[in-house]
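Nothing in this text is a laboratory measurement; each read-out follows from the coordinates by a stated rule. Small disclaimer: the values here were computed from a predicted structure and weren't measured. Virtual Cβ from ideal backbone geometry, glycine too; neighbours counted across all protein chains shown.
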Amino acid sequence: MQNLSNTSDQASHPANLSAGKRFTTWCSDHLARYVFLTVAFSATLSLLLIALFILKEGVPFIIKVGFKDFLLASEWSPMNGKFGIYPMIISSLWVTLGAMLIGAPLGVAGAIFLTQFVPRSVMRVIKPMIELLAGIPSVLYGFIGVMILAPFIRSHFGGPGLSLLAASIILGIMVLPTVISISIDTINAVPRSYLEGALALGATRWQSVHMVILKAAHSGIIASVILAMGRAVGETMAVIMVAGNSVKIPGSSLDSVRTLTANIALEMGYATGLHRQALFATGVVLFVVVMILNSLAMAAMKKKSRGAA
Amino acid sequence: MRISPKVTQTLAVLLLGVATLLTVIILIMIVAFVLKRGIPEISWEFLSTKPREMGKAGGILPTIWGTILLPVIAIVIALPMGVGTAVYLSEYTRENHVTRIIRFGTDCLAGIPSIIFGLFGYIFFVTILGMGWSMLSGGLTLAIMILPTIIRTSEEAIRAVPQTYREVSCSLAATNWETVYKVVLPNALPGIMTGVMLGIGRSIGETAAVIFTAGSSLLMPLSLNDSVRTMSVHFYLLAREGISNEKAYATAAVLVFSVLSVNLIAYWMMNRFIAKRS
């Protein structure tokens, strides 16, 4: 379909164009093609550059310090040459899991409710509203966490307030728009005849939804949750503000924690030499984790589009 | 004993409804809280004067400029690349290995956390290319960050231009290139602008990628080589270093207001574009 015009440039030039003019047209057309082809690689090239430079700074450090002393050691004190990021890895993991425990059920429930049990007109108001809210800057969520959530946790549950729990809740709220919006799209993509078939067999609306529609849409919903996980792992500013940032393996959800992203952003301002390389190495770990999550999400999406076809 | 399907249905709907309501209320409360605390602190003086004592007093004028200029630089760089990619994907080729590589690259780039962009911008633009903490480094970093958004929305907009337009253009002996810039792009423009607004919205709200590339100078930015502080960065520093809660709330209110209006314009343009096309 897209190549309709490809043959036209040789065949159908009006005869009254001069040879010179025809040549310029031919040139500009072919030039345009190669310019577009080159430009089209800009995103891929950027990705490669990012990967290259992060790896270039980080990997020599990992080799020098040793895989075990970097990833599995618990002591982080750059001044004394100790660069163990194990506590940060564990903290990132817990914060992300916590965020998913809050964000995924709420988000998926919202998507189901808005697509199945609410008039279309209501959904047409609420979905854009949620998508608008997806644009709220992450620092703002962090600020809310500091001003409202942390004091609340401190006075009701104890601990310092700025904690794993606070970070999880804030991140869980932050990923809601992602989960809801993608889940709504996948649920809407399920053919209407599935629902009609189930209803015709005497199933209640809820039975048709959870036995038929959710089955058909589950890859897309999983993809939305994985994408949200990627966002949660990578979120920086909000987490710095609410997580407390002490480097230790959390013993409870009320402990102050430091994630991988926070570690980079907190110390990047003044780090030099080996210390700076250590932060880039932390970036390498983060980069790898996020790429794995993204690939999983993409695979789930692909499964979904094949399933729908 | 089996619970009747009717009861499960009622329970399920109730539960889902409560969850949805909770979600919507939380999100709206966040915006309402910031606006309620921030708006009383905003005055004309706050918007039009320079900050004093690191932001403890005075206004936010330089950061407003930073918040306008940085996204503009990013868009100027990202728009040609993004639209070019979209044109190539939709007008010049079929799905093949090349497009698969391009799409994979774009999707991956979209998922990279902003702190990684910050690290990359710092090492590549600031250090290796020697641009220092500057509007240029920040703009280039943001440009890469918003590139996937621009590519996606542009491609959707271009694909929404009816095939018949292209057929007519070709039947009038226009070349592929002439069809693209005289027929396809003008018709896809409103859709492309949606992508631009979304990109601007994301740039305005960005902190992690900006603070390590554009720096945090409170001076008025006069050239591309000057360091600049955006409202997001200013807000972050005010709040994190506990400089002034009143100023932080006021900055947050201005920030929320700008981001929401930019996104609202994007949404409105998209709806108008869709309505026109269907």
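One decimal place: the segment residue B:45-residue B:28 gains 3.3 nm when fully extended, by the rule 0.36 nm per residue minus the C-alpha distance. Quick query: amide H of residue A:82 versus all other amide H atoms, modeled in the peptide plane; which residues come in under 5 Å with a sequence gap of 5 or more or a different chain? For residue A:82, whose amide H was placed from the backbone, the distant partners under 5 Å are A:77.
Amide H to amide H, with H built 1.01 Å from N, residue B:57 comes under 5 Å of B:52, counting only residues 5 or more places away or on other chains. Rg over Rh for region B:1-134 works out to 1.17, using Cα positions for both radii and the Kirkwood form for Rh. Using the Cβ-Cβ distance between residue B:261 and residue A:185 with R0 = 41 Å, the FRET efficiency computed as 1/(1 + (r/R0)^6) comes to roughly 0.95.
The orientation-averaged projected area of the convex hull spanned by the Cα atoms of region A:71-146 comes to 7.5 nm². Over 18 Å apart at the Cα level, from the set B:50/B:247; A:215/B:6; B:56/B:247; A:215/A:303; B:36/B:247, are A:215/B:6.
Region B:236-277 and region A:138-215 have Cα centres separated by 23 Å. Note on the protein assembly as shown: along the principal axes its Cα atoms extend 83, 73, 56 Å, ordered by decreasing extent. Note on the protein assembly as shown: with charges restricted to the Cβ of Lys and Arg (+1) and Asp and Glu (-1), its dipole about the Cα centre is near 1060 debye. Using alpha carbons only, the radius of gyration of chain B set against its Kirkwood radius gives Rg/Rh = 1.08.
What the Cα atoms of region B:172-278 give is an Rg and a Dmax of 19.4, 66 Å. Among A:243-252, A:270-279, B:64-73, sorting by the average number of other beta carbon atoms lying within 10 angstrom of each residue, highest first, gives B:64-73, A:243-252, A:270-279.
Computed over the alpha-carbon pairs of region A:66-308, the distance histogram in 5 Å steps reads 1, 7, 13, 15, 15, 14, 11, 9, 7, 4, 3, 1, 0, 0, 0 percent, short to long. Computed over every Cα-Cα pair of region A:157-298 and binned at 10 Å starting from 0, the pair-distance distribution P(r) comes out as 11, 28, 27, 18, 11, 5, 1 percent. Taking a point 7 Å from the Cα of residue A:49 along the Cα-to-Cβ direction, the residues of region B:65-92 with backbone N closer than 20 Å to it are B:70-88.
The GluC sites (Glu not before Pro) of region B:83-156 that meet both conditions, a loop assignment by DSSP and at most 12 other Cβ atoms within 10 Å of the site Cβ, are B:95.
When region B:30-95 is described by a simple charge dipole with +1 on each Lys and Arg Cβ and -1 on each Asp and Glu Cβ, the residue from B:87, B:63, B:38 located farthest towards its positive end is B:38.
Report the paramagnetic label zone for residue A:152: residues of region B:234-271 whose backbone N is under 14 Å from a point 7 Å from Cα along the Cα-to-Cβ axis. Within reach of a label on residue A:152, which here means backbone N under 14 Å from a point 7 Å along Cα→Cβ, region B:234-271 contributes nothing. Over all Cα atoms in region B:65-161, the spread is summed up by Rg and Dmax: 14.7, 44 Å.
Let me check against my output: what whole-number percent is the relative contact order of region A:105-197, with C-alpha pairs under 8 Å and at least 6 apart? Averaging sequence separation for qualifying contacts and normalising by length gives 43 percent for region A:105-197. For region A:32-39, 3J(HN,Hα) computed residue by residue from phi via the Karplus equation (6.51, -1.76, 1.60; θ = phi - 60°) reads 4, 4, 6, 4, 4, 4, 5, 4 Hz, glycine and proline entered as x. With a simple spin-label model that places each label point 7 Å from the Cα along the Cα-to-Cβ direction, the separation between residue A:196 and residue B:76 comes to 5.5 nm. For region A:198-259, the relative contact order comes to 19 percent (Cα pairs under 8 Å, sequence separation of at least 6). For chain A, the relative contact order works out to 24 percent when only alpha carbon pairs closer than 8 Å and six or more residues apart are counted.
Seen from every direction in turn and averaged, the convex hull around the alpha carbons of region A:13-59 projects onto 4.0 nm². If R0 is taken as 25 Å, the Cβ-Cβ distance between residue A:101 and residue B:240 corresponds to a FRET efficiency of 0.40.
For region B:24-40, putting each phi into the Karplus relation 6.51 cos²θ - 1.76 cosθ + 1.60 with θ = phi - 60° gives couplings of 4, 5, 4, 5, 5, 4, 4, 5, 4, 4, 5, 5, 5, 6, x, 4, x Hz, in residue order, rounded to whole numbers and with x for Gly and Pro.
Taken one residue at a time, the phi angles of region A:175-186 give Karplus couplings (6.51, -1.76, 1.60, θ = phi - 60°) of 8, 3, x, 4, 4, 4, 5, 5, 5, 4, 4, 6 Hz. Gly and Pro are set to x.
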